[in-house]
Amino acid sequence: MKRYNPKEIEKKWQKLWEENGFYKAVDFDKKPKYYTLFEFPYPSGDGLHVGHARPYTAMDAYARSKRMQGYNVLFPIGWDAFGLPTENYAIANKIHPRVATERNVKNFKRQMKMLGLSLDWSREVNTTDPKYYKWTQWIFLQLYKAGLAYRAEISINWCPKCKVGLANEEVVNGKHERCGTPVEKKVKKQWLFAITKYADRLLKDLDTVDYPERVRNSQINWIGRSEGALIKFPISPPKADRPRADNFQFSKEVEVFTTRADTLFGVTFIVVSPELAKQWIDLGWKAPKEVSVYIKKAIDKSELERQENKEKTGVDSGIVAIHPLSKKEIPVWVADYVLAGYGTGAVMGVPAHDERDFEFATKFKLPIIEVVSQDGKVHSFKKAYEGDGVMVNSEGFNGLKSKEGGEKIIKELEKLKVGKSSVNYKLRDWVFSRQHYWGEPIPIIYCKKCGEVAVDEKDLPVLLPDVKHYEPTDTGESPLADIKEWVNVKCPKCDEPAKRETDTMPNWAGSNWYYLAYLMQGISNFQFPISKYKEVFKYWMPIDLYDGGMEHTTLHLLYSRFIYKFLYDKGFVPTAEPYAIRRSHGVVLAEDGRKMSKSYKNVITPDDVVDEFGADTLRLYEMFMAPFDQMVPWSSRSVIGVHRFLDRLWKFYNGKINEGKNEELENGFKKLISKITEDLNSLKFNTAVAAFMEFSNKMIKAKTISKNVLENYLKLFAPFAPHITEELWQKLGHKESINLQNWPKAGEVAKETEITLVVQINGRVRDTIKVKVGISQNEAEKFAMNSEKIKKYLGSQKPKKVIFTGKLINLVV
RNA sequence: GGGCAGGUGGCGGAAUGGCAGACGCGCUGGACUCAAAAUCCAGUGAGAGUAAUCUCGUGAGGGUUCAACUCCCUCCCUGCCCACCA
């Protein structure tokens, strides 16, 4: 008998499958479509490790099973290749990023083919391909024309090491998530996408898609919708007994956002962010010395410093505002616990009912007035009471419940035209400029006469020029700024000399729409307009199952939903949401329980495992090791288990088989079909593999086995271990590939004639008796009472109550 | 501080109201072998007992139920994500 030698068989079948084009999806095919997708990889210099292979192999099993079930399956692949890691890698290794990308892609491709993935390679895309980024730029222009891409001078997060502006999402604990360098502030003119205009829909439409709870919640939390009111506090001329604000003409009022209008009468101070105070200074406010010093210091603080020091600081600005209802004078303070980017950048201080305000008031000895009573008692003010209650000390609103009172106060403010109800979001507009070489050029030209001018669609793509030096510059300008012949162009409008935008797009740009690029077959030949693809988009979209990592929940997953919605509004795509079902796979840790990392030297690559055991073993172990969505450490030891299983299966199919009837096995196999089908549908790959093992143990022990079971077991198992099953399938005498077989049907499970009746006394199992199916409670009770064991237990006692379920009888004494 | 996911043998895990520990790793014993590896067979939650068997057992405590890993309440612990968001 030939030994099970994966090296020999795997390459052979991979070649045959590819040559026959089994995995090419057909546009507009009559079969029902199924679009299944995993996040396209970033082709890094390190290649794949076994963590990447987890979703790839599992989703492959899924795609293969769907094909056998009669679907027209699209399972595509591409490369998200722009961005910093490649640029850094290229700089470190002194090669061009394009060359590095080519090399890395080649390696990734080799590794993925080695795994026997049933990908449609004919639709492969690469975000750094000019034919691809032409469209990325085109989308930018559509957003620009719609007023959703705009330039603004803003304080951005700046990584001094990478010399690049960062989006909020890329700053983690005040550090650049990629390199760990503390982030600094820098004021620069940047491109922004108005994702906040879509905040409400991004939130609401979560109800129309099937995402894991934790993903859904993260997005809801990130968007951070809150309902409240905007309230204006007029600024009053300075009074003699307060430090003079020499000039109060810079603004008529301070506007605040609050979710607790019911606490309005509890306002004892107003706090504005240092950034807002700075704006006032710019508008002509002559702030007292210590105030302007505080403002400057606060603004210069890095993100990290602001987060580290939670002790409240602040300074009395000397400005006085008037309470819109009580007409009391309210002092205005400046403090850095107020965030410039949220709401109006100013808050009303209600120390009795907000912990932060309470802390601030305590520190600076500001008055505290209770206006919401929890139980009729006056509070001692050891801490703020933030819950609802009955309003007190609130003039005409006393006695009302918080919710009702808040609404009434807003109505009153609206009548007086000093306030209105309002909705606020935590979500910020998306900073879309990067000062780097390895990204899509932003298709904008600056003309002295005409200003900002969009590159004409027919002139796309704006090619990324070849340069010798692509290192980031210390000035914070893109390396592209140095390339005179590229930067200097003629204005498309007036033909006068003009300059190109030298910033590039962030690495999220290409992944915004790659799932559409897969549908634009032969992307290189396609021309504008995009409406040409409407039909093919309509056929394939939305994506039926999208797998990806948790780390993209508030990045790629949110960004791409926004872009897709925009394209929907423009009528280019057929649905409001791109992903019908989203699932997230768990991270694979190294054997030592830490993250797999080159620096820990604990990385296991698929190459190692395939070399020793073959691709089918790797595939099965990836699926077997734990529930798909759960984090799990790799275990080299346990890989052997699945290899032994395949080895036994190989020996069994190659050995002497006694063909013949075996009802028990036949029946068990029908159950297996249902089990595997269900487990695949709910992505329970681990229990599916266990069921295959269990059944194969039964087959091997069986005295006889029918051809039906023998053959269909292979079909059922083919999506999981495609190579060995193909080999054994052909060994059974079949000429046609197992890929082309239909999914086995479970059919009716033959009725069992005998079952094991479980007999319990007071809920504890005391005996099991073989009985005929469908016996009555009386019969079951007789059987139970006749059991020696039960007699022994019961002694002279008689059951008070008997519970019978058909399979179980419980005697209560 | 908020949100989410968890806590079951030596390990990864299975069972979502009805025989806890499927499947696999590891371990123990045996067969084969000069020997080892591989393979095959048997065993493997803990405690007691020569044994049949008994008692205990799913983070802790309480509750619902004939019956709870599973449902409810209180608490502890771990991991992940978010966090001065007014």
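Each value in this text was obtained by applying a stated rule to the coordinates, not by laboratory testing. Remember, it's a predicted structure, so these values are computed and weren't measured experimentally. Ideal geometry is used to build each Cβ from the backbone, glycine not excepted, and the neighbour counts take in all protein chains shown.
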Please determine, in degrees from 0 to 90 and to the nearest 10, the orientation of helix A:722-731 with respect to the longest principal axis defined by the Cα atoms of chain A, where the helix direction is its Cα long axis.
-> 20 degrees
Roughly how many debye, to the nearest 20, is the charge dipole of chain A about its Cα centre, given +1 on each Lys and Arg Cβ, -1 on each Asp and Glu Cβ, and no other charges?
-> 1760 debye
Final fewest-first order of A:His469, A:His49 on the 10 Å Cβ neighbour count is A:His469, A:His49
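Could you tell me which of the pairs A:Lys286/A:Lys310; A:Lys189/A:Lys296; A:Lys296/A:Lys382; A:Lys252/A:Lys327; A:Lys595/A:Lys684; A:Lys15/A:Lys656 are separated by over 26 angstrom between their Cα atoms in the structure shown? Walk me through the numbers before you get to the answer.
Values: A:Lys286/A:Lys310 29 Å; A:Lys189/A:Lys296 21 Å; A:Lys296/A:Lys382 33 Å; A:Lys252/A:Lys327 15 Å; A:Lys595/A:Lys684 24 Å; A:Lys15/A:Lys656 30 Å.
Exceeds cut-off: A:Lys286/A:Lys310; A:Lys296/A:Lys382; A:Lys15/A:Lys656.
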Could you work out how far apart the two model spin labels at A:Val773 and A:Glu471 are, taking each label as a point 7 Å from the Cα in the direction of the beta carbon, and quote it in nm?
-> 7.8 nm
Using a Förster distance of 41 Å, the FRET efficiency for A:Val812-A:Glu663 (Cβ separation, nearest 0.05) | 0.65
Roughly how tilted is helix A:50-68, in degrees to the nearest 10 and between 0 and 90, from the longest Cα axis of chain A?
-> 60 degrees
Please state the charge dipole magnitude for the stretch A:302-457, taken about the Cα centre, from unit charges on C-beta atoms (+1 on K and R, -1 on D and E), reported in debye and rounded to the nearest 20.
-> 440 debye
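How big is D for the stretch A:384-539, in µm² s⁻¹ as a whole number, if Stokes-Einstein is applied with the Kirkwood radius of its Cα pairs at 20 °C and 1.002 mPa s? Each step should come with its number before you reach the end.
Details: Rh = 21.1 Å.
D = 101 µm²/s.
What ranking do A:Ser292, A:Ser226 get, fewest neighbouring Cβ atoms within 10 angstrom at the top? Could the numbers behind the result be given before it?
On the way: A:Ser292 18, A:Ser226 14.
Least crowded to most crowded, the residues run A:Ser226, A:Ser292.
Here is the link list: A:Lys24/A:Lys113; A:Lys7/A:Lys675; A:Lys698/A:Lys772; A:Lys31/A:Lys731. Which ones come out longer than 21 Å on Cα distance?
Where the Cα-Cα span goes over 21 Å, the pairs concerned are A:Lys7/A:Lys675; A:Lys698/A:Lys772; A:Lys31/A:Lys731.
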Looking at the stretch A:165-216, which chymotrypsin sites (Phe, Trp or Tyr not before Pro) are in a loop (DSSP not H, G, I, E or B) and have at most 10 other Cβ atoms within 10 Å?
-> none
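At 0.36 nm per residue, and after removing the present C-alpha to C-alpha distance, how many nm does the segment from A:Phe28 to A:Ser251 gain when stretched out fully?
Taking A:Phe28 through A:Ser251 to full extension adds about 74.1 nm, to one decimal.
A:Lys94 to A:Glu177: extension gain in nm, 0.36 nm per residue of separation minus the Cα-Cα distance? Intermediate values should be presented prior to the final figure.
Values: separation 83, 0.36 × 83 = 29.88 nm, distance 2.44 nm.
Between A:Lys94 and A:Glu177, full extension yields an extra 27.4 nm.
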Along the charge dipole of chain A, which of A:Gln777, A:Trp158, A:Ala688 sits closest to the positive end, that is, farthest toward it, with unit charges on the beta carbon of Lys, Arg, Asp and Glu (+1, +1, -1, -1)?
-> A:Gln777
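Would you mind counting up the charge near A:Tyr437? Only other residues with Cβ under 9 Å from its Cβ, with Lys and Arg at +1 and Asp and Glu at -1.
Details: positive: none; negative: A:Glu87, A:Glu471.
Combined, the nearby Lys, Arg, Asp and Glu give -2.
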Picking from A:Ile700, A:Trp13, A:Pro367, whose Cα lies most toward the positive end of the charge dipole for chain A (charges on Cβ: Lys, Arg +1; Asp, Glu -1)?
-> A:Ile700
Round to the nearest 10 and give me the degree value, 0 to 90, for the angle of helix A:636-654's Cα axis relative to the longest principal axis of chain A.
-> 30 degrees
Any chance you could run the full-extension gain for A:Lys145 through A:Lys2? It's 0.36 nm times the residue separation minus the Cα-Cα distance, nm to one decimal.
-> 44.8 nm
Restricting to chain A, compute how many DSSP beta bridges are antiparallel as a %, nearest 5.
-> 75 percent
Compactness of the stretch A:286-371, expressed as Rg and Dmax over alpha-carbon positions, Å | 13.5, 40
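Pick out, in residue order, every one of the trypsin sites (Lys or Arg not before Pro) in the stretch A:378-436 that is DSSP loop and has at most 12 other C-beta atoms within 10 Å; say none if there are none. Provide the component values of the computation, followed by the final result.
Details: sites: A:Lys382, A:Lys383, A:Lys401, A:Lys403, A:Lys408, A:Lys411, A:Lys415, A:Lys417, A:Lys420, A:Lys426, A:Arg428, A:Arg434; in loops: A:Lys382, A:Lys383, A:Lys417, A:Lys426, A:Arg428.
In loop regions of the stretch A:378-436 (DSSP not H, G, I, E or B), the sparsely surrounded trypsin sites (Lys or Arg not before Pro) are A:Lys382, A:Lys383, A:Lys417.
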Across 10 Å bins from the origin, how do the percents of Cα pairs in chain A run, short distances first?
-> 2, 11, 17, 18, 16, 14, 11, 7, 3, 1, 0
Candidates per GluC sites (Glu not before Pro) in the stretch A:713-795, loop by DSSP, up to 15 other Cβ within 10 Å = A:Glu736, A:Glu748, A:Glu752
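Going by how many other Cβ atoms sit within 10 Å of their own, how do A:Leu808, A:Leu716 line up, fewest first? The partial results should precede the final answer.
Details: A:Leu808 16, A:Leu716 26.
Neighbour counts put them in this order, fewest first: A:Leu808, A:Leu716.
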